[in-house]
């Protein structure tokens, strides 16, 4: 059950102490003016793909497309460093997340809120968690309407959070600030049906608006033999 904005406002008017507590909390968590407070860190192998070498607050990123192998892993890798350095993150709409794999990527599971099955109200759930965390990763269960996507993008911008979307087959109708595309994803370690999967290579291309208008490509191991993300050299 979700509380609507009018209900929330009426509740706060009846409880002045809650208003004061929220105001104090907002003041304590208000970012300072330094430029680095506008950025959330990423793992070193991913920094060269992003215009700021980090995730800029208030932006929306899409990761992968229909049938892209490794899209969720790449999205989780983007979340890992921010989580490990104290940012609160949330994952909406992916019931099959493996905690061990997420931990290997460096995610602090104690700072990761999970909403694995939000159902038809996934967009409302995403908008709600955007109110209180630094970064939200969402896997839409069905194609969102333009208006729905625009509202989420606007909410992320307003709350100065980062919205990472893994659209999959659902698609994402709103142009993101950054789009990460995956090509040539392939596992290594199995030969003629025998052996163990050791690592997966993928070429990641990032393009977007303004300073990201010129695409940047890197070859990554994700996961590498340790389960993390590592650099496999420049892509052609």
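Values quoted throughout were computed directly from the atomic coordinates according to the rules given, and no laboratory measurement underlies them. Model, not experiment: these values are computed from the prediction. Please note: Cβ atoms are built from the backbone with ideal geometry, for glycine as well, and neighbour counts cover all protein chains shown.
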How far apart, in nm, are two points set 7 Å out from the Cα along the Cα-to-Cβ line at residue 84 and at residue 209?
3.1 nm
Part-to-part distance (alpha-carbon centres) for the stretch 109-165 and the stretch 51-77, which is given in Å:
14 Å
Where a ≥ b ≥ c are the square roots of the eigenvalues of the C-alpha gyration tensor, would you call the stretch 91-131 rounded, which needs a/c under 1.5, or, failing that, prolate if a/b is larger than b/c, or oblate?
oblate
Applying the gyration tensor rule to the Cα atoms of the stretch 45-101 (axes a ≥ b ≥ c; rounded if a/c under 1.5, else prolate if a/b exceeds b/c, else oblate), the class is oblate
What does the C-alpha gyration tensor say about the overall shape of the stretch 119-224? Classify as rounded when a/c is under 1.5, otherwise prolate if a/b is larger than b/c, or oblate.
prolate
Which semi-axes, in whole Å and largest first, does the equivalent ellipsoid of the stretch 39-234 have when worked out from the alpha carbon gyration tensor as the square roots of 5 times its eigenvalues?
25, 18, 17
